[in-house]
1. Carbon and sulfur atoms: what percent of the 1.4 Å accessible area of segment 184-295 do they account for?
2. Translational diffusion coefficient, Stokes-Einstein: compute it for segment 282-346 using the Kirkwood radius over C-alpha pairs as Rh, at 25 °C and 0.890 mPa s, and state it as an integer in µm² s⁻¹.
3. ASN158's amide H: which non-local residues (gap 5+, or another chain) put their own amide H closer than 5 Å, with H modeled 1.01 Å from N in plane and none for Pro or chain starts?
4. Would you mind checking which residues have amide H under 5 Å from VAL128's amide H? H placed 1.01 Å from N; only 5 or more apart, or other chain.
5. Report the net charge of residues surrounding GLN148, where surrounding means a beta-carbon distance below 15 angstrom and charges are Lys +1, Arg +1, Asp -1, Glu -1.
6. Can you list residues whose amide H is under 5 Å from SER346's amide H, if they're 5+ apart or on another chain and H is modeled 1.01 Å from N?
7. Provide the per residue accessible area, probe 1.4 Å, for segment 214-362, rounded to a whole number of square angstrom.
8. Karplus couplings for segment 177-186 from phi (6.51 cos²θ - 1.76 cosθ + 1.60, θ = phi - 60°), rounded to Hz, Gly and Pro as x?
Amino acid sequence: MIFELNHSANYTKTANASNNYWRYLNTSDLLGNYSLKCWINDSDGNWNSTSGGSFAVVTTTTTTTTTTTTTTTTTTTEATTTTAATTTTLATTTTSTSTSTTTTTSESSTTTTTPVAPGIYDIDVLSVTDNSAVIVWKTLGVSDSMVQFGETTGYGRNASNSTETESHRVLISGLAGDREYHYVVVSTVLPNLTSTSSDQTFSTPFTYVSNTTLMVANESTTVAVPGENITMDIVTGANVSNATITVKTSSSSQVNDTMSVPALNKYIEIETSQDVRDAITSIILKVYYTDEELNASGLNESSLAIYWYNTTALQGVKLSTNMSWVYGTGVNTVQNYVWANVNHFSYYSVGGTAMSCTLKGDYAPCGEVSLGEVVAIINNWAANEATISEVVALINAWAASV
């Protein structure tokens, strides 16, 4: 996170901070009007700015107090003169006046702050079910929480929490399965200073139930989820009749935690009947993706992998053959699918590592791409550490920025 402090006379200061907290910026060396801007690097590696407030530093009061003290001192001196006939006594009086002046000056400075609406960032959707979801986000400063949602950008429904916080969490319910929902998050601080996010979307899970009449022992049975580009080749150690497999897919997390890495927004929960669960010996799970989905995610294609939600660690864990129940993993960059060979069903998702420049749409760059990055990815491709599509993406991004 980077904080940018702008002065009305084109005076700018920046400061780095961590853990999403404000850090004090010393402005006492220059009076005037200031505005704050916060640049935040999100989980996808993008820099987003949000207003942090404005204030003015002015000298308001100067007080000078002068105290004058006058002191008068009178001294009397007697002189005696004696002659033969008389004695004369003379008295002399001397008066002196001294004046001292004490001057005290005090000066005070006052900083006036103009309240601003809280900045909103890190919006996410968790625990998506057929009929509910949890919306989470953060703000710069405490504020209340509200979500407006609906099947169109007209929204029409809302859920709220009046507790003021920096980490917001609102449950929305009454949803329908296999639907796309639009929503915005709204945070307000007194007196009625409100921030509203841009329009966001999520989908409730699509549920597919496969009622396979018979699974033959030691033979592969293929189950394909229509419209979702997911296939499973299942081998059982015994014959299973009336086998039932339920697959729920969503573009948002169906558990109460986010991915531990950037996600491809493919979340899959697979459940089976007990007789299938007891008979399974291996499952080859394949999750297909499109070039458009890959470009929109900004992920390095060669890093794509299937992750398993660990209910103990409460996070997604990349599948590895170091796990006793995982027989193989990989990504096919020619046919565009991620795969894993496992021996049981669970909650899975697809994730990876972000490229140096997040690419969106038709290879449009998120920012300037250097020639050095292009040379580096070409070298990685020559060493089989990057795909040709990644090379083309960065070359196009570099060409658009020069």
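1. Details: 2290 of 5020 Å².
Accessible surface attributable to carbon and sulfur in segment 184-295 totals 46 percent.
2. Details: Rh = 12.6 Å.
It diffuses with D of about 194 µm²/s by this estimate.
3. For ASN158, the qualifying residues are PHE149.
4. Those qualifying (amide H under 5 Å, at least 5 residues apart or on another chain) are VAL134, GLN254, VAL255.
5. Counting the neighbours of GLN148, the net charge comes to -2.
6. Those qualifying (amide H under 5 Å, at least 5 residues apart or on another chain) are ILE270.
7. Numbers: 6460 Å² over 149 residues.
Dividing the accessible area of segment 214-362 by its residue count gives 43 Å².
8. Using θ = phi - 60°, the values come out as x, 6, 10, 9, 10, 9, 7, 10, 9, 10 Hz.
The values are calculated or read from the model by the stated rules, or taken from the named source; none is laboratory data. Please read all numbers here as calculations on a predicted model, not as lab measurements. Neighbour counts run over all protein chains shown; Cβ positions are idealised from the backbone, glycine included. Accessible surface is based on the protein model in full, side chains and every heavy atom, while ligands, DNA and RNA are left aside. Shrake-Rupley method; radii C 1.70, N 1.55, O 1.52, S 1.80 Å.
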